[in-house]
């Protein structure tokens, strides 16, 4: 049902936790399924120096939270804003249709967190 990449991110999440003294954070809950994703971000010189996630929900939500942090870590904020749902889906090897909401949650939360930075 889930790709090996999804299962790997779920079983071995990257960047789990909370950034101490974060410059920005965002927490979004999907009212349809109850999944919750929170991102905390530290930016230095316009780049994402540290990003961590906390997720409560399905396997796909946990995997997408992990993947999105891995995809944008070290990138310029403006570059990270360009990350797409398709990028997240590619990083997790795709999702079943019933779980596609998790990629939307990851992108929406990332955009909310990065929206607090100029540019």
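General remarks:
- Subset of the range 75-93 that is assigned to a loop (DSSP other than H, G, I, E, B) and in contact with a helix residue (DSSP H, G or I) (Cβ under 8 Å, 6 or more places away or on another chain) - its residue that is surrounded by the fewest Cβ atoms within 10 Å (Cβ to Cβ): 84
- One residue stands out in the range 96-119 among those that are assigned to a loop (DSSP other than H, G, I, E, B) and more than 15 Å from the chain's Cα centre (by Cα): the one that is surrounded by the fewest Cβ atoms within 10 Å (Cβ to Cβ), namely 118.
- Within the range 63-88, tally of residues that are within 9 Å of the chain's Cα centre (by Cα) and either on the phi > 0 side of the Ramachandran plot or in contact (Cβ under 8 Å) with a residue 40 or more places away in the chain (or both): 8
- Taken over the range 31-52, the criterion of being more than 17 Å from residue 117 (Cβ to Cβ), without any contact (Cβ under 8 Å) to a residue 40 or more places away in the chain and within 13 Å of the chain's Cα centre (by Cα) is satisfied by 36 alone.
Only the coordinates and a few stated rules stand behind these numbers; no lab work does. Here the structure is a predicted model, which means the values were calculated and not measured. Positions of Cβ are backbone-derived with ideal geometry, glycine not excepted, and every protein chain shown enters the neighbour counts.
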